[in-house]
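Here's the structure, in structure tokens; my notes come after.
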Amino acid sequence: MAVEVIRDRYTGRVGEVTLGATKDQGGTRIHTVTVGGDSTLPFLQFEGEVPHRPVIALEITDVAPEWSEPLRAELGEVWGDPAAWAKKCVECGADLVSLTLIGADPERQNRSPEDCARTVRDVLSAVGVPLIVRGCGNDEKDNQVLPAVAEAAAGENVALGTAKQDNYKTLTAACMVHKHSIIAQSPIDINICKQLNILISEMNLPLSRILIDPTTASLGFGIEYCFSIMERIRLGALQGDKMLSFPVICNLGYEAWRQKEASAPASEFPGWGEQPARGVLWEAMTAAAVLEAGAHILILRHPAALRLVRRRLDALMVPNPM
Amino acid sequence: MILVGERINGMFRDVGRAIASVDPHPIQEWAQRQEAAGADYLDLNCGPAAEDPIKAMRWLVDTVQAVSSLPLCLDSTNYDVIEAGLERCKRPALINSCPAERPKIERVFPMAKRFGAKVIGLTMDKKGIPKDADSRTALAMEIVAAADEFGVPLEDLWIDPLILPVNVAQDHVVEVLETIRRVKTLSSPPPKTVVGLSNVSQKTVNRSLLDRTFMVMAMAAGLDGAICNVCDEELMNSVATARILLNQDVYADSYLKVFRKRQ
């Protein structure tokens, strides 16, 4: 029996955001990365356009992190040397490098804004891919560090994060002045997500420079809830809601590797299997799920997870000729 | 909610005067004001006093299109006037309106097809406006059948169940609401529904309150569009709020502001 393929038609689409700037555009990146533009639900190429492939960033930190053993085994030799680590990410196939300035945290090394800015410049010199830079998460400190970073990276169109509902003005202003894109983060809440986008756009940051970080949970820890929020964001965009029509960025490595399913050694849970493969799979499966929910930029940690997700993406991006 | 700005109508004194004296400024000002207020269409009606309504309609269409890119809703009981306007429209227009009367259907629907225009069909016939929802729905069905017969897509058909002033025909209001619900079951895809909102409050006090209360009730019944005073800020706030409560827009604290800036 012939099956009738139902195609929905939407009035809106996800906006496009380009990260990075080449020499001609006032930066020093070898190439830029553009995401978004979708006019349908994730990967329904028979129904609408999926003009840009979702991209994968690998995360690095300014000072050596306390990540779990499989990550140390793979990356430990470059920890503490962000430029070398960034190069390794690019060699592993990362589309972008995502730098988290954990060392700025007053409860860690309390690095100065100037030191953080220097790290960003070092990373920019080391690699040609566009950059994501995120603060340590302490609002007060981030408001000192991120403007310095924005200035040091002026013109490079870095994705800077993260703006939150009660702390967005300083970062938005820094992005405006130094021509960067902003990561607008909401706590798994579509209403706050929309409100924050409204507040940022009211400061006149161009809509083509806003990314939504809806906050992601790991596989097994509430990912279903994130999935439905992301779905609603995409449906809102497709129905023409301009304040939800932004590409989505998901910080997955952090979420996946902080769960014991990923980070506990086999000696602790002998029935769970060897830790390196388990951790990589936990990260890759989390990524695979949010891709289906509409993520455009994935921040991962383990190069092996990147390779797995890339294979998944290859398959998802094959147009279905239905 | 598709909002048709009602203000460019010769029944309003300032617009009537502008038409009589061929003064484009008041017309263009209303076009721009209504567009800024969030209108999706602009209704054009040269009013009963226009000396040469065909000429007046052509002039209105040209005058408005010079300053606004919104599609137009051509409002007249004289179909030669509407045809003259359709010839000038740059974007598919809305014909306002056609009752369930065969000669008028035969005049309007082929014209709509020829110009790619949409049609507002009225749930009335030679006998007038029936009171109960059953009869209103039956007349709506005749118009749906006519659209099908003449090849006008059902998405382009808007049924107006004809709301009357509440101080004249209070018992009609619930019938109109019920008709809005039933019209949605007449075909697949269903026709759209639309009301001439300000009619409900004609010659009453508290016009704005009556308008916006009825608007919200009709939206809850499934109303798709209204010809209304888009410059009534409280009305627009009510529409925005009803859209939130009906889960048609995603809530955000600034939803009123976002709705106003939606164009």
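List of remarks:
- The residues of the protein assembly as shown present an accessible area of 43 Å² per residue when probed at 1.4 Å with all protein chains retained.
- Carbon + sulfur, % of accessible area of the stretch A:4-106 - ligands and nucleic acids excluded, 1.4 Å: 46
- Remark on the stretch A:164-251: hydrodynamic radius 13.1 angstrom, per the Kirkwood mean of 1/r across alpha carbon pairs.
- With the highest mean first, a sort of the peptides B:114-120, B:194-200 on other beta-carbon atoms found within 10 angstrom per residue produces B:194-200, B:114-120.
- Across the protein chains, with a 1.4 Å probe defining accessible surface, the residues B:S69, A:S181 rank B:S69, A:S181 from largest area downward.
- Beta bridges assigned by DSSP with both partners in chain B are antiparallel in approximately 5 percent of cases.
- Working note: Cα gyration tensor of the stretch B:43-152, eigenvalues times five, square-rooted, sorted largest first, giving semi-axes of 26, 15, 12 Å.
- Peptides ranked, highest mean first, by Cβ atoms within 10 Å: ranges B:5-17, B:126-138: B:5-17, B:126-138
- Shape of the stretch A:1-93, Cα gyration tensor, a/c cut at 1.5: oblate
- Both radii were evaluated on the Cα set of chain A; the Rg over Rh quotient, with Rh as the Kirkwood radius, amounts to 0.96.
- Secondary structure note: in the protein assembly as shown, about 10% of the DSSP beta bridges are antiparallel.
- Cα shape, the stretch B:2-260, gyration tensor, a/c 1.5 rule: rounded
- MRE, 222 nm, helices only [DSSP H, n ≥ 4, -39500 (n - 2.57), over chain A, to nearest 500]: -12000 deg cm²/dmol
- Within 10 Å of each Cβ in A:231-237, the average number of Cβ atoms from other chains: 1
- Debye equation applied to the C-alpha atoms of the protein assembly as shown, log10 I(q)/I(0) at 0.06, 0.10 Å⁻¹: -0.42, -0.90
- Cα centroid separation, the stretch A:62-114 to the stretch B:1-58 (Å): 65
- Dipole of the stretch A:16-316 [Lys/Arg +1, Asp/Glu -1 at C-beta], most positive-end residue of A:L291, A:N110, A:L316: A:L316
- Each residue was assigned an accessible area with a 1.4 Å probe, and for B:Y251 the value is about 90 Å².
- Part-to-part distance (alpha-carbon centres) for the stretch A:157-208 and the stretch B:209-259, which is given in Å: 28
- Across the stretch B:2-260, the mean sequence separation of Cα contacts (distance under 8 Å, 6 or more residues apart), normalised by length, yields a relative contact order of 15 percent.
- Partner shielding of B:244-251 amounts to 3, given as the average count of beta-carbon atoms from other chains within 10 Å of each residue beta-carbon.
- For the residues of A:186-195, the average number of beta carbons from a partner chain within 10 Å of their own beta carbon is 3.
- Size of electric dipole in chain A: Cβ of Lys, Arg +1 and of Asp, Glu -1, about Cα centre, debye, nearest 20: 560
- The solvent-accessible area of B:F150, taken with every protein chain present and a 1.4 Å probe, is close to 50 Å².
- The accessible area of A:E140, taken with all protein chains in place and a 1.4 Å probe, comes to roughly 140 Å².
- Farthest positive-ward along the stretch B:116-224 dipole, Cα basis, beta-carbon charges - from B:A133, B:V195, B:V144: B:V195
- Accessible area, probe 1.4 Å, largest first, for residues B:S208, B:S68: B:S208, B:S68
- Evaluated with a Cβ-only charge set (Lys, Arg +1; Asp, Glu -1), the protein assembly as shown carries a dipole of roughly 740 debye about its Cα centre, given to the nearest 20.
- Charged-residue dipole, Cβ positions (Lys, Arg, Asp, Glu), the stretch B:2-260 about Cα centre, Debye nearest 20: 60
- For chain A, DSSP calls about 15 percent of its internal beta bridges antiparallel.
- Residue ranking by accessible heavy-atom surface, 1.4 Å probe, largest first, among A:Y225, A:Y10 comes out as A:Y225, A:Y10.
- Prolate/oblate/rounded label for the stretch B:143-263 (Cα gyration tensor, a/c 1.5): oblate
The values are calculated or read from the model by the stated rules, or taken from the named source; none is laboratory data. Keep in mind that what you see is a predicted model, and the values were worked out from it rather than measured. Quick reminder, even Gly has a Cβ in these numbers, built from the backbone with ideal geometry, and neighbours come from all protein chains shown. What goes into the accessible areas is simple: the full protein's heavy atoms, side chains included, and nothing from ligands, DNA or RNA. Shrake-Rupley method; radii C 1.70, N 1.55, O 1.52, S 1.80 Å.
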